[in-house]
Amino acid sequence: MNIVISDSNDEVITALRLVLEQKLDFTIMGTVNDVIGLFSTIIKQCPDAIILDVDLIGLKTTKGQIPGGLNKLIEIIHQLCPSIYILALSYLPNLEKMCVQAGVDAFACKSDPPDKLLAHLENLSKIRTKK
C-alpha cells in the first residue's frame, strides 16, 4: 500500500516512517509538512492512503484554524484522488468527531500506541485486497 505522511512536525514524520517501514506491504511515497506539499505529492501520483495531521501547516493562521479549512482540504484531496483513504492525526483526542464529520476515514491520536495506527491501515489493506 502506498502512503503519504503529512505532518507539520518532522519528529512525528520520522516516528511514523520508522513504524511504517517495518511493515513490508507499506510503501512510503513521500512525506510533507504543509498543504502545498501535500497537493504537489498527490497530484504526481495518487497514493492509497494519507496520514493527515489536522494541524498541517497551511490549515491555520495566526488567529487559529481557517474556517472550514479541514473540510475544504479533504474535499480537494478527494477530488484529486477519489478512492484515497484518509487517516487523521491529532494531539487532541476530542477532535475525532470533527474529523469524521469532515470526511476522514479514521482517526488516531498522536499519543496512541503505534499498533492503533497500524490497525487502521491494515484494515484498509485487507479491504482493498478483497476487491
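The values are calculated or read from the model by the stated rules, or taken from the named source; none is laboratory data. This structure is a prediction, so every number in the text was calculated from the model and none was measured. Cβ: placed from backbone, ideal geometry, glycine included. Neighbour counts: every protein chain shown. Only protein heavy atoms, including side chains, enter the accessible area calculation; ligands, DNA and RNA are left aside. Shrake-Rupley method; radii C 1.70, N 1.55, O 1.52, S 1.80 Å.
Just a few scattered comments:
- Residue in the stretch 43-74 that is nearest to Asn94 (Cα to Cα), counting only those that are of a type outside the set (Val, Ile, Thr), modelled with pLDDT of 90 or more and surrounded by 13 or more Cβ atoms within 10 Å (Cβ to Cβ): Asp53
- Residue list for the stretch 98-113, restricted to those being over 13 Å from the mean Cα position of the chain (by Cα) and open to solvent by 70 Å² or more (accessible area, probe 1.4 Å): Met98, Gln101, Ser111, Pro113
- Of all residues in the stretch 1-40, those being open to solvent by less than 30 Å² (accessible area, probe 1.4 Å) and not in a strand (DSSP E or B) number 9.
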